[in-house]
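Below is one structure, written out as structure tokens, with a few remarks after it.
The values are calculated or read from the model by the stated rules, or taken from the named source; none is laboratory data. Note that the coordinates shown come from a computational prediction; the quantities given were computed from them, not determined experimentally. Note: ideal-geometry Cβ built from the backbone for every residue, glycine included; neighbour counts use all protein chains shown.
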Amino acid sequence: MVLRLFRSSPAPEAKRRASADPLLGLARAAKGGDSAATRTLVVSVTPVLLRAGRGVLGVGHPDVEDTVQEAALGFVQALGEYREDCSVLHYATRIGALTALAHRRRLRARGEGLHQELDLDAPSTCDSPAEALLAAHRRRILRQLTDELPQAQTEALLLHCMLGMSVEEVAQTSGAPQNTVKSRLRLAKEALRARIEADLALRELLGVEP
Amino acid sequence: MSVTELCPDDLLLAARQGDLTALEDAKLAFHLQRCARCRAELEVGRGFDAVLGAQPGDDELAMGIAARLTEPPRRRRRAYALAAGVLLSGSVATAAVSGVDLGRLFATPPARTKVPSAPVPAQAKAPPPTTTLAVEAEREAPAAPPTESPTVSLPLRSSSASAPELFREANSLRSQGKAGDAQKKYRELQARFPASTEAKVSLVSLARLELGSQPATALRHFDAYLAQSAHRTLSEEALFGRASALGRLGRGSEERAAWQELIARFPASVYTHQAEARLSNTP
């Protein structure tokens, strides 16, 4: 009894939330081989795959479309493994982020393509070009950090800081306890802070003396 | 318990979405005053939120991908080729849900198999890259004029625009692939507002557009940017472009010096690999 009181049980809660997921019916039908459902599902999740691809590679990177297509195929293939512990969109988001990250690492290994990660030309909601430039530099710093951090921290950083998932959603999607995700995020955010403070270009933009 | 152990992740996300109540706003402001980690997270997160919205053509792209992945078997040769080419991504997806150590998958990046792009509806295609900085790209076509899109007939807006407006318009034209119009806008910006931050930054933007067809002009613009004392934010890009321009102009010894300067000033640069490759291939 005492054990039951203290044992956290996120899984039933996660399942309850997932069952309210508007895409769950489509995912189940697609899993069962319904091609019309698969098509509708892919159309529905492509926006989050695009967000992940653009976030990781750079908004205008020419490989974004190919990467999203890879991620869509990976998503369809992985539907059989979907345990409904998180929403379908979050499941797709994680696959999109990991696929783009793998592509980024292949590009980096070949030493190409990453000069486009300063996505200064991206359509932006920033109020001024100066703000847009500042934001582009910050995005580049996070992208570069993903090349150096441990995989688990990188994943948490991408899903939370870049793609706006809550700690609880990251935990459900990646199958890790919330406290573990918080710990990973704390380390990753500390690295991000240190990198931003050390970035001379950013200091110059902010008008801060080195 | 330190302040950072109480970092209000939920409030940070709500702030990004503009969903804070006045009380939450005050709480978050108080926390941000003392927590640099959360300040960094909020700034970077907002930076991504500003650009990761839907773009024109996304719907068509989604429908194209969905159609390719679900077309009937007899027409799926391309899809099968794609499936073979992206085995890694399938592995990633499966590993993601089955607890496989993803770090091992990423530890030794394999050589990429070039995946043939399946046809995409014309309107869903991203605009072509407006410029390339790759040294290996095709050499200069002598005295070629700036590339104009044959379909461009947009009248450029009258000259009442401010420096930020001109910069924004030029960037927009550039991202649409309208390189010629973008170059005109950048030049107009530099002529009308030479002291503005936008004009100084635009030297690099313009030079990147000129690199393919007018490397000598591009070199002048990269040099002009690098000569500025107060605006060196894009120095890494400018040095890379400068070295590329010198390479295109066949000025071997100067090109070598430029690559060496890039490596010396930015040893962790993403361009280092290309710089070293160029140095090893240039006599």
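Only a single criterion out of (1) more than 8 Å from every other protein chain (Cβ to nearest Cβ); (2) within 17 Å of A:Ala92 (Cα to Cα) is not satisfied by A:Glu131, namely (2). Residues in segment A:169-188 that are facing chain B (nearest Cβ under 9 Å) and surrounded by fewer than 24 Cβ atoms within 10 Å (Cβ to Cβ): A:Gly175, A:Lys182, A:Leu185, A:Arg186.
Going residue by residue through segment B:262-270, is there one that turns out to be under 16 Å from A:Glu112 (Cβ atoms) and not in a helix (DSSP H, G or I)? Yes: one or more hits. Look at segment B:161-172: where a residue is more than 9 Å from chain A (Cβ to nearest Cβ) and closer than 13 Å to B:Lys184 by Cα and a partner is surrounded by 20 or more Cβ atoms within 10 Å (Cβ to Cβ) and among the small types (Gly, Ala, Ser), sitting 6+ places away or on another chain with Cβ atoms under 6 Å, you get B:Ala170/B:Ala182. Scanning segment B:170-223 for residues that are among the basic types (Lys, Arg), crowded, with 24+ Cβ neighbours inside 10 Å and at pLDDT 85 or above yields a single hit, B:Lys185.
Give segment A:130-147 a look and list any residue that's within 14 Å of the chain's Cα centre (by Cα) and outside any helix (DSSP H, G or I), or say none. Of everything in segment A:130-147, just one residue is within 14 Å of the chain's Cα centre (by Cα) and outside any helix (DSSP H, G or I), namely A:Thr146. State all residues of segment B:11-42 that are surrounded by 18 or more Cβ atoms within 10 Å (Cβ to Cβ) and of a type in the set (Asp, Glu); if no residue qualifies, say none. If the condition is that a residue be surrounded by 18 or more Cβ atoms within 10 Å (Cβ to Cβ) and of a type in the set (Asp, Glu), then B:Glu41 is the only one that fits. Scanning segment A:30-53 for residues that are within 7 Å of chain B (Cβ to nearest Cβ) and without any contact (Cβ under 8 Å) to a residue 12 or more places away in the chain yields A:Ser35, A:Arg39, A:Val43, A:Pro47. No other residue among B:Arg220, B:Arg208, B:Arg242 is among the charged types (D, E, K, R), part of a helix (DSSP H, G or I) and touching a residue at least 24 places away in the same chain (Cβ under 8 Å) apart from B:Arg208.
Just one of (1) within 29 Å of B:Ser172 (Cα to Cα); (2) not in a loop (DSSP other than H, G, I, E, B) fails for B:Ala195. It is (2).
Summed over segment B:6-32, residues that are more than 8 Å from every other protein chain (Cβ to nearest Cβ), more than 26 Å from A:Ala132 (Cβ to Cβ) and either among the hydroxyl-bearing types (Ser, Thr, Tyr) or part of a helix (DSSP H, G or I) (or both) total 9. For segment A:82-98, filtering for residues that are in a helix (DSSP H, G or I) and more than 8 Å from chain B (Cβ to nearest Cβ) leaves 7. The set of residues from segment A:60-81 being closer than 13 Å to A:Thr38 by Cβ and at the interface with chain B (Cβ under 7 Å from one of its Cβ atoms) comprises A:Ala72, A:Leu73, A:Phe75, A:Val76, A:Gln77, A:Ala78. Beta carbons closer than 8 Å, at least 6 apart along the sequence or on distinct chains, pair a first residue in segment A:84-103 that is under 16 Å from A:Cys161 (Cβ atoms) with a second that is part of a loop (DSSP other than H, G, I, E, B) for A:His90/A:Met165; A:Thr93/A:Leu163; A:Thr93/A:Met165; A:Ala97/A:Leu163; A:Leu101/A:Thr146.
Using the structure shown, decide if B:Glu237 is surrounded by 15 or more Cβ atoms within 10 Å (Cβ to Cβ) and at pLDDT 85 or above.
no
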